[in-house]
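Shown next, in structure tokens, is the structure this report addresses.
The values are calculated or read from the model by the stated rules, or taken from the named source; none is laboratory data. Predicted model, so just to flag it, every value in this text is computed and none were measured. Reconstructed Cβ throughout: ideal geometry from the backbone, glycine too, with neighbour counts over all protein chains shown.
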Amino acid sequence: MSAQPRTPGITTEDRKRAVDRHRIGLLRTRSGRLNRFLLLLAIVGPGILVMLGENDAPSMLSYAATGSQFGVSLFLPFVVLTFAMAYIVQEMTVRLGMATHRGHAELIFDRFGRFWAWFAMADLTVGNFLTLVTEFIGIRAGLGFFGIPPAVAVSAAVAVVAVAALSGRYRTWERLTLSLAVFNLMFIPVAFLVHPNWGAVGHAMLTWGPLPGGLSSNSLLILVADIGATVTPWMLFFQQSAVADKGLTSPDLQSGRIDTALGALFATIAALATIIATVPLFTHKISAANFQAAQFAQALQPYIGRFGASLFALGIFEAGLVAAITISTSSAYAYGEVSGAAHSLNRPLGEAWPFYSVFVLGAATAGAIVLIPGAPLEYIVLVVNVIAVLAMPPALVFLYLLCNDREVVGDLTSSRLANLITGAVVVFLTVAGLFFAVTTLFPSLLPPA
């Protein structure tokens, strides 16, 4: 049997969550389209944030590299497929959070024991910290386009993370982060500014091709990198813990699924827009294989003007900032869930200072590393990619087992059809992740470019 919650009594967290649940309950008793819409607005958040948070700085740069190296090709429908897989994976975390009212790390602790819980948390913490470094690299590069010094850019971003963390209320944190995440859609007007051949875009979406240059080491690595830009371990921990912290329950399942689907839709559109926006670099044969944020913006400026290039650079900055907030949150949730410390954004600082310390200090330390002169930032990005894909197989296996454990999720267990689909997705993502790790470490195994 699952363990009972380890924090007894009514807390500040419980009272704040009860207020939010009461508000949702009142909306649920009212009829009419407007009230149904208001109910959906009250519930959405975790799904949109997890998807747009995964559209982080390195992910958007991966999509930019895709468009600049391969133009309009099979990568467009392939990215749509990866976000469909992301939805399938994240829908399982929604069910787990609503059925158990607990975070992902806490469930692993209860069902698989202390060793696996600490293993999962350590795996997540290392991967999250290194990923945070890449987010601050994106923040630094994005604001660097405007001549903002790295120290100012990083310090401002850490301050925003701290403000979000110390808001004292889950709802306030969520709405603040959502308001920032909306700017991920900034890549859409950039795509229109390049005046793309929409006929070619539609043809690529329908025909899955062609792939310029055929299958090569570079195209294979881009394919798997785009998978890694869509599904990563922190997403599982973040969304389930956010669903629990928000106090969502089984009656909210349909709205939770809509929330996740909307997030996947918005993130897909932003990702496709980023690929399309960088197609001029492919058309004009500009080598962009090693470009960073500011370099992409500068290279695109002759084709989309200063305004369009500024939007692109701001988009990279926003992607890094939102991801820094959400990834820091997932690390703090996991630590609190495994250690038994208070772990809710509804708790005041005095009651949950270890939780908030993990939240803010992780971001501050990652930002400081980015400012170290001569730090091997490109090597860190490479290591992050390898660690992220190696961490996915055990995370997906835990998720799959928990969603099929009737003692854990009750009537919300996966159906036979859902198990077939999710099983196929788990196998595909696991194989793709291992392939990326092996070929990154041993590139000679790949066909020549």
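Points to keep in mind about this one:
- Residue that is surrounded by the most Cβ atoms within 10 Å (Cβ to Cβ), among those in the stretch 336-358 that are of a type in the set (A, V, I, L, M) and within 22 Å of the chain's Cα centre (by Cα): Leu345
- Considering the conditions (1) of a type in the set (A, V, I, L, M, F, W, C); (2) buried (at least 21 other Cβ atoms within 10 Å of the Cβ); (3) under 20 Å from Gly336 (Cα atoms); (4) under 15 Å from the mean Cα position of the chain (by Cα), Phe83 is excluded by exactly one of them, (3).
- The stretch 215-256, subset of a type in the set (S, T, N, Q), over 18 Å from the mean Cα position of the chain (by Cα) and in a loop (DSSP other than H, G, I, E, B), residue modelled with the highest pLDDT: Thr249
- Pairing each residue of the stretch 99-124 that is outside the structural domain of Gly410 (by TED's automatic domain parsing) with any residue that is surrounded by 23 or more Cβ atoms within 10 Å (Cβ to Cβ), provided the two are 6+ apart or on different chains, yields no C-beta distance under 6 Å.
- Residue count for the stretch 106-145, restricted to those that are modelled with pLDDT of 85 or more and either under 18 Å from Thr326 (Cα atoms) or charged (D, E, K, R) (or both): 15
- Selection of the stretch 103-116 for residues being outside any helix (DSSP H, G or I) and crowded, with 22+ Cβ neighbours inside 10 Å yields only Gly103.
- Here Gly308 passes the criteria (1) surrounded by 24 or more Cβ atoms within 10 Å (Cβ to Cβ); (2) farther than 20 Å from Ala366 by Cβ except the one numbered (1).
- Of all residues in the stretch 108-167 being touching an Asp or Glu at 6+ places or on another chain (Cβ under 8 Å) and of a type in the set (Val, Ile, Thr), the one that is nearest to Pro394 (Cα to Cα): Thr131
- Remark: Val19 falls outside the filter, which requires a residue to be more than 19 Å from Gly315 (Cβ to Cβ), part of a loop (DSSP other than H, G, I, E, B) and of a type outside the set (Lys, Arg).
- Restricting the first member to the stretch 165-183 and to residues that are outside the structural domain of Glu351 (by TED's automatic domain parsing), and the second to residues that are of a type in the set (Gly, Ala, Ser) and outside any loop (DSSP other than H, G, I, E, B), no beta-carbon pair is closer than 7 Å while six or more apart or on different chains.
- Among the candidates Leu361, Leu377, Leu402, the residue that is farther than 29 Å from Pro150 by Cβ and either at pLDDT 90 or above or surrounded by 16 or more Cβ atoms within 10 Å (Cβ to Cβ) (or both) is uniquely Leu402.
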